[in-house]
Structures are given as C-alpha cells and as structure tokens.
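The structure appears below as structure tokens.
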Amino acid sequence: MNPAYPHLASRIFNTPLLLQPDKLTAIVAGLGPRLIPNLEPIAAPPSAYTTAPGQRAPANYRIVDGIGVVDIIGLLAHRAAISTTDSSAILGYDSIARQISAALIDPAVRAIVLNIDSPGGEVSGAFQLADHIRKSRPVKPIHAIASDLAASAGYLIASAAESISLTETAQVGSIGVVTCHADYSQALSKAGIAITPIFAGAHKVDGHPWAPLPEAVAERIQADIDHYYALFVSAVAVSRPGLSEGAIRATEAALYIGPQAVRVGLADRIETPDQLIARLTARPRQSTPSKTPKGSAMSDDAPITSPAAEIPATPPTLSAAIIAQRCLAAGESALGRALLNAPQTEASLNARLEDAREIRALAKLANLIHEAEELILSGISADAAAHVLINKKADIEETQPVDNRITNTVHQREKAESGITSALLIRAGLEKDDPKNEHRGKPLVDLAKTALEASDCPNIPSSKMALVGMAFTHSTSDFPNVLRNVAEKAALRGFDEAEETFEVWTSEGSLTDFKTAYRVGTSPIQSLREVPELAEFKHVTLSDRGAQIFLKTFGELFTISRQAIINDDLQVFTKIPTKFGMAAKRTIGDAVYALINDNANAPDGTALFHASHNNLLTAAGTPPTVAALGAARTAMRRQTMNDVVLNITPSYLLVPVTLEDTATTVTGAIYDPGATTLQQPNPVLQYRLKVVSDPRLDAVSTAAWYLVAGKMFDTIEVAYLDGQKTPYLEQQAGLSVDGVTHKVRMDFGVSILEHRTFYMNDGNP
C-alpha cells in the first residue's frame with residue numbers, strides 16, 4: 001500500500017467536506033481498491049472529473065492586460081500539492097491566498113479575477129480564504145468567474161468576490177456539506193483479515209473503517225455537518241447581501257446552470273473569462289484602484305464620471321490645528337506631527353491620508369505592519385510603497401511564507417472573537433462559565449480594545465470614547481460581530497423561552513415570498529374500490545379546496561451606543577434583545593388567537609364558528625363538563641365532507657385562564673367530578689385531551705371553550721419565510737448612529753385551513 005493513501009483517507013472519510021458529491025464518489029472509487037487490495041473497483045461517474053491530464057493551471061497568477069488572473073482549478077485542500085487520480089489535482093487554499101496577496105501588492109495588477117473550475121474540497125482553510133478575499137476587496141477589485149464549475153468550497157470562494165460571472169454552460173452552487181464513512185469490515189472478513197484497534201481515550205477511534213459506524217458517532221458527525229452548513233450559509237449571505245440565509249438554504253445544495261444561477265441570485269451575469277477581462281480593462285485605469293469608492297469606476301454598472309473641476313492655481317493652505325485634527329481622526333497622529341511645518345492644501349493632505357490608508361492595507365496583507373509607519377512618513381506614494389513591500393516580502397518568503405502568516409492572523413482573530421463572545425455570554429448568563437476563558441469578567445471597554453488589537457488595528461486611541469468609536473467603525477474590527485452574536489443569542493433565548501401556547505396545537509408551514517399562496521387539499525376518499533384480476537385501476541375524482549395564506553413583516557429597531565459600552569451596561573445587548581425575542585413570539589401568538597377571538601372567516605368565506613358549520617353551540621352553552629365535552633366530541637366526529645364522514649377526533653381543549661382549573665379537573669379525573677353518585681367513571685379521561693389555556697381568550701370571553709383536532713388534521717397554519725421560525729437580526733454601523741443599530745424582524749403569516757376541525761361552546765346557558 002502506498003504510504004500516501006492512509007493520509008488521503010484521513011482527509012476524505014469522516015471529515016466534513018465542502019465538495020460536490022459525485023467528486024467525492026470519484027475519490028472514494030480511486031482510494032477504495034488502494035486501501036483494501038482485494039476490494040472490487042468502484043465505478044466513478046465520468047462527470048466527477050473537472051480537469052484533464054496536462055491541462056492543470058500553473059500555481060502562479062498571470063497578468064492579462066493589467067488584470068491578475070488566479071486560476072483555481074481542481075480539488076481544494078488546506079495545504080496540498082498532490083494528486084488523487086490522473087485527472088484530479090488538489091490545490092491548497094494557502095497557495096491561493098499567497099497568489100491573491102502577491103497580486104494585491106503588485107503595481108502591475110489593477111484588478112483580480114478568480115477563474116474557478118472546482119467541485120470544492122476541505123472545510124479546513126476554506127472560510128479563512130473566503131474571509132481573506134472579502135477583506136481584500138477595498139484594496140483592489142476582485143471578481144470571480146465560473147468557467148465550468150464553482151461548487152461547494154469553489155462557490156464559497158466565488159461568493160467572497162465583488163461579483164460572480166459564469167459561462168452559459170457553467171454550474172454554480174452546491175451550498176452544502178458532505179462526508180462519508182467507509183466500512184471495510186465485510187471486505188476484510190472475506191479476505192480473512194481482522195483488525196483490532198488498541199487505543200486510549202473513548203473517542204480516539206470514532207468512525208474507524210474496520211467496523212460499522214455506531215449510531216452515537218453518526219449523530220456526532222451529523223452535528224458537525226450541521227454546524228459547518230450553518231457557517232457556509234452565513235458566509236455566503238454576508239458576502240452576497242442580496243441573498244438571505246433562508247433563500248440560500250432553499251437551494252438545498254443544488255447546482256444551477258447559467259441563466260438559472262443568475263435568476264436565483266447565485267451569480268450576477270453570463271460571460272466568458274475573456275469577456276470579463278475585456279470589460280474590466282475597458283474601464284479607465286487608475287493609479288490607485290483602491291481609491292475608487294464602492295459602486296464607482298470599477299463597479300460593473302456605474303457610469304464613468306467626468307474629471308473633477310480644476311483646482312485653483314493658488315489653493316489655500318490649511319492651518320496646523322486642522323492638519324493635526326484631520327490626521328488624528330484618520331488614526332495618523334505621527335503623520336500629523338510630521339506635517340506641522342510642511343504647508344498642506346486640502347488636496348495634498350487628502351492625498352497623503354489616502355496613501356497612508358493604502359500603505360497600511362498593503363502592509364497588513366503582506367504581514368509587514370511595522371514597515372507601514374516608516375513608509376508613510378517618508379512621503380512616498382502607495383504605488384512606490386508597494387514595490388518596497390514586494391521586495392521585503394521576497395526577502396522573508398522562504399523562511400516564513402506569507403500564506404502561513406495570513407492563516408495564523410485569521411486564526412488569532414477568530415480565536416479572539418470567539419473568546420470575547422463567550423465571555424460576554426457567560427457574564428450575561430447565556431453560557432456556562434469557562435474558567436479557561438482569558439476574557440472572562442473584563443469590562444466592555446477592555447473587550448473592545450482586545451478586539452481591535454486582535455484585528456491589528458493601527459494607532460488604537462487611549463480615550464475610551466474614541467477607542468469604542470474605532471471598535472464600532474474600523475473596517476477590520478470584529479467588535480460589531482461580537483455584539484451581533486451576543487444580541488442574536490439573547491434574542492433567540494427570549495424567543496425560545498417565551499411561554500406561548502400556539503405552537504402546541506397549530507401547524508408550521510413555509511413560504512418563499514410575500515405573494516398570496518393557497519393551501520390545497522382534497523376531498524376525502526371513503527374507501528378503495530375492488531379491482532378484479534387483470535382489470536384496470538380507475539382514477540378517483542378529487543375536488544380541490546384552497547385556503548389563502550400570505551406573509552407579513554413585523555419588526556423593531558434598537559441601538560447599542562458607545563455610551564452603553566463605556567458604562568459597561570451589559571443589559572443593553574442581553575436583556576433588551578431577550579425582550580425583543582419574547583415580543584417576536586408573542587406577536588405570532590397574538591395573530592393566531594385573534595383568528596379565534598375575532599371568529600375570522602374560514603376558507604369557504606363563512607365565519608369559523610357558525611351554525612352552518614355544525615361547530616357552534618350558543619343556545620344551550622355550558623361549562624366544560626363531562627356531558628358537554630362528550631357532546632362536542634360527538635359533533636366533531638360526525639362532521640362530513642361530500643357525504644363522507646371524516647371521524648375527526650379532538651386532541652386539544654382550548655380554554656381561557658379562568659377555566660383552566662375546571663378543564664384540568666374534568667379531563668384528568670378518574671371519576672366524573674360532576675356525578676351525583678360516587679365513583680362514576682369519567683369517559684373524558686379516555687379522550688386524552690390536552691388542556692391549553694391562554695389569557696388572550698379571557699379578553700373576549702371567560703366562559704367560552706373550544707375543541708381542536710390534532711396535528712394530523714388541518715387547523716391553523718403558521719407560515720414563515722423560507723422556514724425561518726426565529727427572529728432575524730440585522731445590524732448597521734454608521735455615522736448617523738453613534739454605535740450599532742440592530743433590526744429585529746419576523747416574517748410570518750397565519751391562516752385558518754379548515755372549519756370542521758374546530759368546535760366552540762360559548763359556555764353561556
């Protein structure tokens with residue numbers, strides 16, 4: 001056995017992969033016979049291969065008319081330079097990051113194109129690369145194109161770019177996670193081989209291939225798959241704001257071809273790689289591409305702006321105080337001191353500050369942050385500084401590659417963000433205490449400073465107000481993400497712990513948009529007809545009925561201010577979001593019970609409870625007694641549709657809080673509590689009714705009570721947008737808000753599906 005094969009197997013089996021399944025099948029087909037010599041070869045689908053021998057792309061970016069083209073072709077892994085089959089190359093995420101970083105600081109490159117033909121690959125390293133691409137876009141425009149296939153991790157990389165193009169026949173998507181477990185126990189048994197693992201640690205050999213997969217291990221692996229899937233969906237939603245997480249999940253990991261991909265929002269346009277490069281090169285060349293605001297010159301749809309008006313021949317110079325103030329606000333206090341004795345116009349100062357910003361961004365990408373200060377004070381342009389950084393980077397490339405340092409930096413940021421988030425959740429009582437968490441117990445201001453330090457933010461202010469302001473607004477700061485994570489978890493806790501009763505007896509549904517939808521059912525089928533020998537089966541005539549349902553949006557805003565952070569006011573983003581989460585669920589409950597209290601119309605246009613529906617007793621109402629419940633149950637079981645008896649049995653007894661004790665007694669007593677003779681059996685006990693009491697019912701009547709059928713029957717449906725049944729939080733930081741504003745939003749709709757599954761007794765004799 002080739003010694004490389006077990007290593008490959010460890011990176012394929014029981015490992016979450018962002019990979020197209022047919023490619024995984026091909027890899028398993030190639031590895032199986034090599035791992036077990038006597039194993040019958042497994043046929044691999046021909047579509048699993050994306051590259052042909054001798055056609056793999058070089059490992060370095062190329063420059064076409066000023067556009068740096070990074071070819072991302074083949075399977076993807078964290079670090080790799082190997083091949084699993086004759087036609088399946090493996091490309092490392094670290095290699096891709098190294099090429100992108102080099103192109104970013106290359107003055108000959110004005111924009112970057114990611115040319116992708118990949119079925120995906122490993123989870124490890126994929127999200128770090130996507131984050132690196134997304135955060136590099138302000139330096140130079142980065143566009144992606146699927147020349148044939150951008151699936152799974154390949155699409156994750158593409159989504160991090162400013163735009164996604166694809167050819168007419170290319171496929172994109174497969175937003176999902178997959179793994180597989182190889183069980184070679186039967187093959188080994190046939191070969192007369194027995195393998196006995198000898199290990200220490202209960203989980204040391206979880207998922208080994210020499211035995212069937214235990215159920216507990218399978219559940220753990222599935223939990224890991226679900227976790228990575230959530231990360232995948234979230235990463236795509238962040239990179240492509242036009243796609244909600246619900247819409248992404250609704251793709252169900254499918255692949256979309258050409259125009260289909262554009263229609264669902266997974267891509268922006270159809271074009272070839274040559275057409276993309278030609279379109280980018282047709283834009284006016286700029287000496288400093290990163291100065292182009294988002295949506296302007298390098299943007300796909302923005303018009304070419306006219307040159308700025310001429311600057312007066314003798315523009316006025318700025319005072320020393322203004323220069324110092326402007327530089328301090330930009331985080332360049334050292335530059336401000338250096339320029340005090342050097343007259344500066346508005347234009348020249350703006351140019352120096354812009355060059356400073358670019359130099360720091362370039363230095364960070366090259367992991368040469370400490371070189372930035374000297375380059376800024378020297379007065380050289382950003383383009384000239386790029387040449388200096390390229391040379392310095394080349395000097396240390398062999399001993400410490402840039403890609404490793406980038407990965408380490410990303411890891412440290414993620415570690416800090418996770419630790420700070422956990423510390424706040426512990427303090428808020430939303431997470432168990434962790435004595436190993438180094439951030440535990442720190443004030444909010446200190447945590448904001450830690451987030452800035454982990455993000456390598458330059459010139460962190462000493463003033464608390466300025467420090468917190470930078471934590472909110474700096475482009476590389478992760479502090480807003482921390483606050484969002486904490487607020488979101490608090491809101492979800494409030495939603496989950498809200499004591500609402502509607503979920504007990506209503507059904508759930510999902511809608512993909514805000515258009516009116518129809519819940520279509522069929523009339524009942526009384527029985528099946530006998531089919532004589534060799535006779536044909538006959539079609540039954542079904543009559544459709546439809547209940548309308550549509551979504552509405554509900555929401556509120558709240559702001560986490562800088563003052564709240566400085567005051568160490570934890571409840572602002574724990575207790576308040578929790579209350580908003582509770583309010584979100586309460587809003588749904590209000591809508592459900594309003595249908596009952598208002599006696600809203602059923603699908604046939606008549607009030608839900610009506611004499612014509614045979615589900616209303618008003619003339620001789622009574623409290624919920626054994627006799628009254630028996631009569632109500634009988635009425636429900638006798639309901640018909642098209643002369644067919646439906647035999648609907650009630651499962652729930654809805655009562656106002658006033659009647660809760662009475663209802664509990666009559667449904668749970670062994671003997672009839674209202675009988676005049678002792679120990680008379682209570683038949684209601686056999687109904688197994690679940691009592692549901694809600695104070696909203698008291699607001700209309702303290703005497704009325706209702707029977708509702710079980711969930712196997714149509715009653716009331718609560719539908720959510722794309723199945724998102726929890727509140728959704730969005731956040732926005734800006735100059736107009738001294739902090740971060742959060743939006744709590746719920747998209748849902750309620751509708752009565754059927755009147756025969758309800759019964760009302762008004763309780764009044």
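Select from the range 208-228 the residues that are over 30 Å from K135 (Cα atoms) and either assigned to a loop (DSSP other than H, G, I, E, B) or aromatic (F, W, Y) (or both) and list them in ascending order.
H208, P209, W210, A211, P212, L213, P214
Got a number for residues in the range 109-142 being outside any helix (DSSP H, G or I) and of a type in the set (S, T, Y)?
Residues flagged as outside any helix (DSSP H, G or I) and of a type in the set (S, T, Y) within the range 109-142 amount to 2.
Output the number of residues of the range 232-247 satisfying the condition of being within 18 Å of R745 (Cα to Cα) and touching a residue at least 40 places away in the same chain (Cβ under 8 Å).
5
Check whether at least one residue in the range 680-689 is in contact (Cβ under 8 Å) with a residue 12 or more places away in the chain, surrounded by fewer than 20 Cβ atoms within 10 Å (Cβ to Cβ), within 27 Å of M582 (Cα to Cα) and within 43 Å of the chain's Cα centre (by Cα), and report yes or no.
For the range 680-689, residues in contact (Cβ under 8 Å) with a residue 12 or more places away in the chain, surrounded by fewer than 20 Cβ atoms within 10 Å (Cβ to Cβ), within 27 Å of M582 (Cα to Cα) and within 43 Å of the chain's Cα centre (by Cα): absent.
Starting from residues that are under 17 Å from D71 (Cβ atoms) and over 18 Å from the mean Cα position of the chain (by Cα), keep the ones in the range 114-131 and report whichever is surrounded by the most Cβ atoms within 10 Å (Cβ to Cβ).
Ranking the candidates gives P119 first.
Which fully enclosed helices (runs of 4 or more DSSP H) of the range 593-707 have 2 or more residues being among the small types (G, A, S) and under 17 Å from H755 (Cβ atoms)?
626-637
Return the pair list, or none, for Cβ contacts closer than 8 Å from residues in the range 367-378 that are in a helix (DSSP H, G or I) to residues that are among the basic types (K, R) and surrounded by fewer than 21 Cβ atoms within 10 Å (Cβ to Cβ), at least 6 apart or on different chains.
E371/K392
Among the residues of the range 628-657 satisfying the criterion of being touching a residue at least 24 places away in the same chain (Cβ under 8 Å) and among the small types (G, A, S), which is nearest to W505 (Cα to Cα)?
This residue is S651.
Before we move on, is A308 hydrophobic (A, V, I, L, M, F, W, C) and either modelled with pLDDT under 85 or under 19 Å from L156 (Cβ atoms) (or both)?
Answer is yes for this residue.
If you scan the range 708-734, which residues turn out to be closer than 30 Å to A471 by Cβ and assigned to a strand (DSSP E or B)?
Y728, L729, E730, Q731, Q732, A733, G734
Do the conditions hold for P315, that is, is it modelled with pLDDT under 80 and not aromatic (F, W, Y)?
For P315, the condition - modelled with pLDDT under 80 and not aromatic (F, W, Y) - is met.
Can you pull out every residue in the range 229-246 that is under 10 Å from the mean Cα position of the chain (by Cα), buried (at least 18 other Cβ atoms within 10 Å of the Cβ) and either outside the structural domain of E162 (by TED's automatic domain parsing) or in a helix (DSSP H, G or I) (or both)?
Y229, F232, V233, A235, V236, A237, G246
Just to be sure before I move on: is V644 surrounded by fewer than 19 Cβ atoms within 10 Å (Cβ to Cβ) and within 30 Å of R519 (Cα to Cα) in the structure I sent?
yes
Take N567 and decide whether it is outside the structural domain of I426 (by TED's automatic domain parsing) and modelled with pLDDT of 90 or more.
So N567 fails the test.
Starting from the range 334-355, take each residue that is part of a helix (DSSP H, G or I) and list its partners that are among the acidic types (D, E), counting only C-beta distances under 6 angstrom and pairs at least six apart or across chains.
none
Give F573, F558, F609 a once-over and let me know the one that is farther than 30 Å from K743 by Cβ, among the aromatic types (F, W, Y) and in contact with a strand residue (DSSP E or B) (Cβ under 6 Å, 6 or more places away or on another chain).
Exactly one of F573, F558, F609 is farther than 30 Å from K743 by Cβ, among the aromatic types (F, W, Y) and in contact with a strand residue (DSSP E or B) (Cβ under 6 Å, 6 or more places away or on another chain), namely F609.
G265: modelled with pLDDT of 80 or more and under 17 Å from D722 (Cα atoms), yes or no?
Yes.
Could you identify the single residue in L721, L707, L753, L697 that is touching a strand residue (DSSP E or B) at 6+ places or on another chain (Cβ under 6 Å), at pLDDT 95 or above and either of a type outside the set (A, V, I, L, M, F, W, C) or crowded, with 21+ Cβ neighbours inside 10 Å (or both)?
L707
May I ask you to list the residues in the range 268-296 that are among the basic types (K, R) and modelled with pLDDT of 80 or more?
R269, R279
So, in the range 81-93, of the ones that are modelled with pLDDT under 85 and either touching a helix residue (DSSP H, G or I) at 6+ places or on another chain (Cβ under 8 Å) or not assigned by TED's automatic domain parsing to the domain that holds I133 (or both), which residue ends up nearest to K393 (Cα to Cα)?
Per the criteria, the residue is A81.
Just to verify a result, which residue in the range 433-451, among those that are over 29 Å from the mean Cα position of the chain (by Cα) and loosely packed, with under 12 Cβ neighbours inside 10 Å, is farthest from I560 (Cα to Cα)?
Of everything passing the filter in the range 433-451, P435 is farthest from I560 (Cα to Cα).
Return the residue satisfying two criteria in turn: it lies in the range 62-80 and is assigned to a loop (DSSP other than H, G, I, E, B) and modelled with pLDDT of 85 or more, and of such residues it is farthest from V113 (Cα to Cα).
Applying the filter and picking the extreme gives G74.
Looking at the range 590-618, which of the residues that are touching a Ser or Thr at 6+ places or on another chain (Cβ under 7 Å) and not hydroxyl-bearing (S, T, Y) is surrounded by the fewest Cβ atoms within 10 Å (Cβ to Cβ)?
Ranking the qualifying residues of the range 590-618, first place goes to H613.
What number of residues in the range 596-654 are over 47 Å from the mean Cα position of the chain (by Cα) and of a type in the set (D, E)?
Residues in the range 596-654 being over 47 Å from the mean Cα position of the chain (by Cα) and of a type in the set (D, E): 1 in total.
From the residues in the range 151-170 that are within 19 Å of A111 (Cβ to Cβ) and touching a helix residue (DSSP H, G or I) at 6+ places or on another chain (Cβ under 7 Å), which one is surrounded by the most Cβ atoms within 10 Å (Cβ to Cβ)?
L166
The values are calculated or read from the model by the stated rules, or taken from the named source; none is laboratory data. Fair warning: this is a prediction, and the values are worked out from it, not measured in the lab. Neighbour counts are summed over all protein chains in view; Cβ atoms, including those assigned to glycine, are modelled from backbone coordinates with ideal geometry.
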